[in-house]
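**Student:** Before we start, here is the structure in question, set down as structure tokens.
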Amino acid sequence: MKLLTDAKNKSQMVLAHLQHYGSITTWDAITQYKATRLSAIIFNLKEKGYNIESVKKDGDGCRFVEYILHEKREDAV
């Protein structure tokens, strides 16, 4: 399921996903937006002031990270 087709690039799609659902995993990013460098996108969003937490998880014999969006900082650009 594509989310917000008006988003122009993968970073905007990932941000829209975070704002709508609250979290994203690498698998979500790959399957829904063909974004294979989620950690780089998250890094850039953090640099822009978004408060995104990285939570390590275990499931089905694998480990992965879930990125959770919290309130944006007041002083963020």
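The values are calculated or read from the model by the stated rules, or taken from the named source; none is laboratory data. These numbers were taken from a predicted model, which means no experiment stands behind them. Protein only, heavy atoms only, side chains kept; ligands, DNA and RNA dropped before computing areas. Shrake-Rupley method; radii C 1.70, N 1.55, O 1.52, S 1.80 Å.
**Student:** Of the residues Lys57, Lys46, which single one is among the basic types (Lys, Arg) and at pLDDT 95 or above?
**Tutor:** On the way: Lys57 fails: at pLDDT 95 or above.
The unique qualifying residue is Lys46.
**Student:** Let me ask another. Filtering segment 17-75 down to residues that are part of a strand (DSSP E or B) and hydroxyl-bearing (Ser, Thr, Tyr), which residue is most open to solvent (accessible area, probe 1.4 Å)? Steps first, answer last, please.
**Tutor:** Within segment 17-75, the subset part of a strand (DSSP E or B) is 23-25, 52-59, 62-69.
With hydroxyl-bearing (Ser, Thr, Tyr) added as a condition, the list becomes 23, 25, 54, 67.
Values: Ser23: 27, Thr25: 24, Ser54: 63, Tyr67: 25 Å².
Looking at the filtered set, the residue picked out is Ser54.
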